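Just below is one structure, and these are the notes that go with it.
The values are calculated or read from the model by the stated rules, or taken from the named source; none is laboratory data. Quantities reported herein were computed from a predicted structural model and do not represent experimental measurements. FYI the Cβ positions are ideal-geometry reconstructions off the backbone, even for glycines, and counts take in every protein chain you see.
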Amino acid sequence: MTALPRSAPVAVVGAGAMGAGIAQVAAQAGHPVTLFDAAPGAAGKAREGILANVARQVEKGRLPEGAREDVAARLEVAPALEALGGAALVVEAIVERLEVKRQLFAGLEEIVAPDAILASNTSSLSITAIAAGLKHPERVAGLHFFNPAPVMALVEVVAGLASDRRVLDTLSETAREWGKQPVLAKSTPGFIVNRVARPFYAEGLRLLEEGAADAATIDAVVREAGGFRMGPFELMDLIGHDVNFAVTRSVFEAYFHDPRYRPSLTQQELVAAGWYGRKSGRGFYDHAPGAVRPVP
Ligand code: NAI
């Protein structure tokens, strides 16, 4: 079992919260990293955010002097998907929609080398389904980071039906080299963490909808009495309701509408309003700079 060499080029597609975090992790580990996003300007903005983040870590003494310059030298933005052709590993972190991911993987297959690994950061979609229809489904696997990717140690390495064992081993070893703790999971809906976490969000939402207590109270109880770092509403605001709702829907669909996984109408309304949480400034909490307080 060998990890990718540090000199191996890594590409990240999707420069949102997760793609930016993954690009930072790979660049800090020493890889040349290329970041691409379909939204004009998004990858450039993400690069600036990554460099500011690394600079803050240097100021706090958590990263060595010069880390920002090192990451800046290794991290570039791609003007088009075609620029990712030299990557040994592509990590996809785009919108959580199967058809969009499948289309992207079909495009990637046309431009990368025959031995390149194609990984998806999907939270809940079937790796088997993402890989199906490709010429080389055996080189596809899940590489599922948690938010924020530079901080959270756990990474789920997810095996689809066709995934090659050597690809899974390389991803696990590479994640370890990146300072992460990989765990191997089969491609079931939600894998391990998002499956176990569904009732955490769902029961919080049900309590809120039944009027048992407000979001801030439930969060405080779970945090302070339960010992969790965040309550369900804080965590959903961090993840993004657009992403979290899409994951719930996908797990619900995949389990043949098992009522245990039924999505919440409250969350559906937040998504409809564009109140995605931290990333849009408002969710269950008001995230305007200066004060994080519950939305009345
Ligand atoms: P996000 O909404 O912050 O970013 C997604 C980015 O992908 C956007 O910048 C968008 O412009 C870009 N994009 C969309 N379609 C594209 C395409 N066809 N080609 C290139 N770029 C495209 O989403 P986030 O939160 O970063 O999630 C991304 C993926 O990671 C999803 O699959 C999600 O389920 C997964 N994930 C999310 C976590 C979270 O806590 N937010 C945690 C772990 C996984």
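Residues in the stretch 249-266 that are in a helix (DSSP H, G or I), more than 14 Å from the ligand (Cβ to nearest atom) and polar (S, T, N, Q): THR266 alone.
Based on this model, can you work out whether GLU96 counts as farther than 18 Å from LEU134 by Cα and modelled with pLDDT under 95?
When the stated conditions are applied, GLU96 passes them.
Condition test on ALA153, is it buried (at least 23 other Cβ atoms within 10 Å of the Cβ) and more than 10 Å from the ligand (Cβ to nearest atom)? Spelling it out, it is not the case that ALA153 is buried (at least 23 other Cβ atoms within 10 Å of the Cβ) and more than 10 Å from the ligand (Cβ to nearest atom).
Residues in the stretch 161-211 that are in contact (Cβ under 8 Å) with a residue 12 or more places away in the chain, outside any loop (DSSP other than H, G, I, E, B), over 22 Å from ARG260 (Cα atoms) and not β-branched (Val, Ile, Thr): LEU168, ASP169, LEU171, SER172, GLU173, ALA175, ARG176, GLU177, GLN181, PRO182, LEU184. Could you list, in sequence order, all residues of the stretch 1-33 that are out of contact with any Pro (no Cβ under 7 Å at 6 or more places or on another chain) and within 13 Å of the ligand (Cβ to nearest atom)? Listed by number, the residues that qualify are ALA11, VAL12, VAL13, GLY14, ALA15, GLY16, ALA17, MET18, GLY19, ALA20, ILE22, ALA23. Answer yes or no as to whether GLY179 is surrounded by fewer than 20 Cβ atoms within 10 Å (Cβ to Cβ) and not assigned by TED's automatic domain parsing to the domain that holds VAL155. The answer is no for GLY179. PHE228: of a type in the set (Phe, Trp, Tyr), closer than 26 Å to GLN103 by Cα, in a loop (DSSP other than H, G, I, E, B) and out of contact with any Asp or Glu (no Cβ under 6 Å at 6 or more places or on another chain), yes or no? Considered against the rule, which asks whether it is of a type in the set (Phe, Trp, Tyr), closer than 26 Å to GLN103 by Cα, in a loop (DSSP other than H, G, I, E, B) and out of contact with any Asp or Glu (no Cβ under 6 Å at 6 or more places or on another chain), PHE228 comes out as no.
Scoring PHE146 on the criteria (1) more than 15 Å from the ligand (Cβ to nearest atom); (2) within 29 Å of PHE245 (Cβ to Cβ); (3) of a type outside the set (A, V, I, L, M) leaves a single failure, condition (1). Checked against the criterion of being over 15 Å from the mean Cα position of the chain (by Cα), closer than 27 Å to ALA39 by Cβ and of a type outside the set (Lys, Arg), the candidates GLU110, GLU156 yield just one match: GLU110. Of all residues in the stretch 1-52, those that are in a helix (DSSP H, G or I) and under 17 Å from the mean Cα position of the chain (by Cα) total 17. If a residue has to be over 20 Å from the mean Cα position of the chain (by Cα) and surrounded by 13 or more Cβ atoms within 10 Å (Cβ to Cβ) to count, how many in the stretch 53-67 make the cut? Total satisfying the criteria: 5. Does LEU75 qualify as being more than 15 Å from HIS136 (Cβ to Cβ) and modelled with pLDDT of 95 or more? Yes, satisfied. Would you please list the contacts, defined by Cβ atoms under 8 Å and residues six or more apart or on different chains, that run from a residue in the stretch 234-248 that is more than 15 Å from GLY190 (Cβ to Cβ) and part of a helix (DSSP H, G or I) to a residue that is more than 10 Å from the ligand (Cβ to nearest atom) and aliphatic (A, V, I, L, M)? Pairs that qualify, where the first residue is more than 15 Å from GLY190 (Cβ to Cβ) and part of a helix (DSSP H, G or I) and the partner is more than 10 Å from the ligand (Cβ to nearest atom) and aliphatic (A, V, I, L, M), are LEU238/MET230; HIS241/LEU270; HIS241/VAL271; ASP242/VAL271.
Is one or more of the residues making up the stretch 158-181 within 21 Å of GLY240 (Cβ to Cβ), modelled with pLDDT of 95 or more, out of contact with any Ser or Thr (no Cβ under 7 Å at 6 or more places or on another chain) and not β-branched (Val, Ile, Thr)? No.
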